[in-house]
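Each remark here refers to the structure printed beneath this line.
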Amino acid sequence: SQQGEEDPQALSIQEGENATMNCSYKTSINNLQWYRQNSGRGLVHLILIRSNEREKHSGRLRVTLDTSKKSSSLLITASRAADTASYFCATATNQAGTALIFGKGTTLSVSS
Amino acid sequence: GAVVSQHPSWVICKSGTSVKIECRSLDFQATTMFWYRQFPKQSLMLMATSNEGSKATYEQGVEKDKFLINHASLTLSTLTVTSAHPEDSSFYICSASTSRKKGEQFFGPGTRLTVL
């Protein structure tokens, strides 16, 4: 079963603008991860944030985690057309050997 | 490091035939492997979890007799879709985890299955 819910489901912006996607989850986690998927392709791991971290940066990506609200956000700054893809959050529990649970994803379209 | 491969990357088969998909961890030993299915414009849904040398644990609603999973070694898991039907057409993605990196999974590139 999926425990991650993302919003918005779809987001359309212009190049240069920032894109923010949100993810909520239901149970305690060990970490939360964000992935990108281009149409018809495999997953690309973007960033992992652990439950004891509040914010993490990687290039133009900024991820926040609020464990009290069970939510996370992914911010892509200065977006580019190449950022057009689907973005998924996925949560991992503390139990070893358990699968990642994926959210429904946000489809981002960046137009030039 | 932590590379996972899948083979084939795509397959087209006739209805009623069986298709085997391989998932390999190339540079690490995977204590656990996972199989996901993704329908168009949807998210990844976990199908089953397999540990080396033991039977796979299937998620609710996934038919174990239709989706046969074998995890014979620490670097190889296979998913066989038996008597495939058009509704089984999907993107199948495997992932692998190692006890040395708790909470992290490494994903294969996926296999696109089309059943005619």
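Would you call A:T93 touching a residue at least 12 places away in the same chain (Cβ under 8 Å) and surrounded by 15 or more Cβ atoms within 10 Å (Cβ to Cβ)? So A:T93 fits the description; yes.
Looking at the range A:96-112 only, could you name the residues that are in contact (Cβ under 8 Å) with a residue 12 or more places away in the chain and either crowded, with 21+ Cβ neighbours inside 10 Å or within 13 Å of chain B (Cβ to nearest Cβ) (or both)?
Correct list: A:L100, A:I101, A:F102, A:G103, A:K104, A:G105, A:T106, A:T107, A:L108.
For the range B:79-116, the candidate set comprises residues that are among the β-branched types (V, I, T) and more than 14 Å from every other protein chain (Cβ to nearest Cβ); within that set, the residue that is surrounded by the most Cβ atoms within 10 Å (Cβ to Cβ) is B:V81.
Residues in the range B:1-38 that are buried (at least 18 other Cβ atoms within 10 Å of the Cβ), under 21 Å from B:E104 (Cβ atoms), among the hydrophobic types (A, V, I, L, M, F, W, C) and in contact with a strand residue (DSSP E or B) (Cβ under 7 Å, 6 or more places away or on another chain): B:A2, B:V4, B:C23, B:A30, B:M33, B:F34, B:W35.
In summary, B:A84 fulfils each of the numbered conditions (1) in contact with a Cys (Cβ under 8 Å, 6 or more places away or on another chain); (2) at pLDDT below 95; (3) small (G, A, S) with the single exception of condition (2). Can you find even one residue in the range A:2-15 that is surrounded by 15 or more Cβ atoms within 10 Å (Cβ to Cβ), within 14 Å of another protein chain (Cβ to nearest Cβ) and of a type in the set (S, T, N, Q)? Within the range A:2-15, one or more residues are surrounded by 15 or more Cβ atoms within 10 Å (Cβ to Cβ), within 14 Å of another protein chain (Cβ to nearest Cβ) and of a type in the set (S, T, N, Q). Scan the range A:30-73 for residues that are assigned to a loop (DSSP other than H, G, I, E, B), touching a residue at least 12 places away in the same chain (Cβ under 8 Å) and not basic (K, R) and the total you get is 6. Taking the listed residues B:S90, B:S18, B:S73, B:S43, the one that is modelled with pLDDT of 95 or more and either within 22 Å of A:A85 (Cα to Cα) or out of contact with any Ser or Thr (no Cβ under 7 Å at 6 or more places or on another chain) (or both) is B:S90, with no other qualifying.
Results for (1) closer than 15 Å to B:T111 by Cα; (2) more than 11 Å from chain A (Cβ to nearest Cβ), shown as yes or no for each residue.
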residue	(1), (2)
B:S18	yes, yes
B:M45	yes, no
B:N51	no, no
B:S77	yes, yes
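The residues on offer are B:K41, B:K101, B:K55, and the sole one that is out of contact with any strand residue (DSSP E or B) (no Cβ under 7 Å at 6 or more places or on another chain) and in contact (Cβ under 8 Å) with a residue 60 or more places away in the chain is B:K101.
Looking at this structure, is A:T27 touching a Phe, Trp or Tyr at 6+ places or on another chain (Cβ under 8 Å), over 22 Å from B:R112 (Cα atoms) and either within 14 Å of chain B (Cβ to nearest Cβ) or not in a strand (DSSP E or B) (or both)? When the stated conditions are applied, A:T27 does not pass them. If the condition is being within 10 Å of the chain's Cα centre (by Cα), of a type outside the set (D, E, K, R) and farther than 20 Å from B:P86 by Cα, then the range B:14-45 contributes B:C23, B:M33, B:F34.
Is it true that A:T20 is touching a residue at least 12 places away in the same chain (Cβ under 8 Å), on the phi < 0 side of the Ramachandran plot and within 14 Å of chain B (Cβ to nearest Cβ)? Judged against the criteria, A:T20 is not a match.
The values are calculated or read from the model by the stated rules, or taken from the named source; none is laboratory data. Because the structure is predicted, anything quoted here is derived from the model rather than measured. Note: ideal-geometry Cβ built from the backbone for every residue, glycine included; neighbour counts use all protein chains shown.
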